[in-house]
Amino acid sequence: MFKEAVELCVYLCKLYDLNENNIICHSEGYKLGISSNHADVMHWFPLHGKDMDKFRSAVQETLNMPAEYFEYKVRLGDTLSKLAARYFTDVSTLARLNNIKDPNRIYIGQILKIPVSSENRIYTVVKGDSLWKIAKKFNTTVAELVRLNGIINAALIYPGQKLRIY
């Protein structure tokens with residue numbers, strides 16, 4: 001329910017041009033003289049380690065999240081700076097999106113959210129490429145590349161061909 005409430009508040013913030021600081025519960029509203037006197041979520045949140053500040057933080061984080069992202073599984077040799085360069089974003093965005101405090105500390109197998117941009121949706125095939133190599137590079141599958149691009153024969157790709165990746 002917490003996640004659904006966050007999503008509802010994010011929707012309303014976007015609809016009415018508000019931010020997380022505009023969100024109050026009934027008990028906070030009562031103290032301001034603009035709401036009825038009942039505890040609302042304040043009786044429930046503490047039972048689950050939550051409070052209104054954590055709720056507002058979750059709304060803020062979701063509001064600041066790129067509209068689209070894909071998941072990437074970290075491999076040996078990956079760093080946030082390499083991933084940022086590869087996927088046309090910056091280290092601070094990756095760190096914020098993935099709640100990473102130290103950008104130098106990611107681990108193999110970790111699942112990272114990578115923001116989708118027009119630059120990382122399309123890949124231009126170069127000499128020596130195969131769908132398998134491209135799939136491995138972008139942490140996807142040959143089947144997904146075939147599906148996204150309507151490829152009939154996976155062996156027939158050519159340099160200069162544009163492929164949709166995500």
> Which residues, counting only those in segment 143-166, are β-branched (Val, Ile, Thr) and open to solvent by 60 Å² or more (accessible area, probe 1.4 Å)?
Replying inline: ILE152
> Any residue at all in segment 114-123 that is open to solvent by less than 20 Å² (accessible area, probe 1.4 Å) and over 26 Å from PHE2 (Cβ atoms)?
Replying inline: yes
>> Among the listed residues GLN60, GLN110, identify the single one that is surrounded by 17 or more Cβ atoms within 10 Å (Cβ to Cβ) and of a type outside the set (Val, Ile, Thr).
In response: GLN60
>> Being assigned to a loop (DSSP other than H, G, I, E, B) and either closer than 30 Å to GLU144 by Cα or open to solvent by 80 Å² or more (accessible area, probe 1.4 Å) (or both) is true for just one of ASN37, ASN21. Which residue is that?
In response: ASN37
> Do we find a residue being within 30 Å of ALA135 (Cα to Cα), touching a helix residue (DSSP H, G or I) at 6+ places or on another chain (Cβ under 8 Å) and of a type in the set (D, E, K, R) anywhere in segment 87-97?
Replying inline: yes
> (1) open to solvent by less than 80 Å² (accessible area, probe 1.4 Å); (2) in contact (Cβ under 8 Å) with a residue 40 or more places away in the chain: which one isn't true of GLU71, the others all being true?
Replying inline: (1)
> If ARG56 satisfies every condition in (1) of a type outside the set (Gly, Ala, Ser); (2) farther than 30 Å from MET42 by Cα; (3) modelled with pLDDT of 80 or more; (4) assigned to a helix (DSSP H, G or I) but one, which is the exception?
Replying inline: (2)
> So LYS31 clears everything in (1) in a helix (DSSP H, G or I); (2) open to solvent by 40 Å² or more (accessible area, probe 1.4 Å); (3) touching a helix residue (DSSP H, G or I) at 6+ places or on another chain (Cβ under 9 Å) except one condition, right? Which one?
Replying inline: (3)
> What number goes with the only condition from (1) open to solvent by 60 Å² or more (accessible area, probe 1.4 Å); (2) touching a helix residue (DSSP H, G or I) at 6+ places or on another chain (Cβ under 8 Å) that TYR11 does not pass?
Replying inline: (2)
> Would segment 116-131 turn up any residue that is at pLDDT 90 or above, in a helix (DSSP H, G or I) and farther than 26 Å from THR62 by Cβ?
Replying inline: yes
>> I'm trying to understand the selection: among the residues of segment 74-106, which are in contact with a Ser or Thr (Cβ under 6 Å, 6 or more places away or on another chain) and open to solvent by less than 90 Å² (accessible area, probe 1.4 Å)?
In response: VAL91
> Take the residues of segment 83-115 that are outside any loop (DSSP other than H, G, I, E, B) and within 13 Å of ASN139 (Cβ to Cβ): which is modelled with the lowest pLDDT?
Replying inline: ARG86
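The values are calculated or read from the model by the stated rules, or taken from the named source; none is laboratory data. Note that the structure is a prediction, hence the values are computed from the model and not measured. Every residue, glycine among them, receives a Cβ derived from its backbone with ideal geometry; neighbour counts consider all protein chains shown. These area figures cover heavy atoms from the full protein model, side chains too; ligands, DNA and RNA do not enter into them. Shrake-Rupley method; radii C 1.70, N 1.55, O 1.52, S 1.80 Å.
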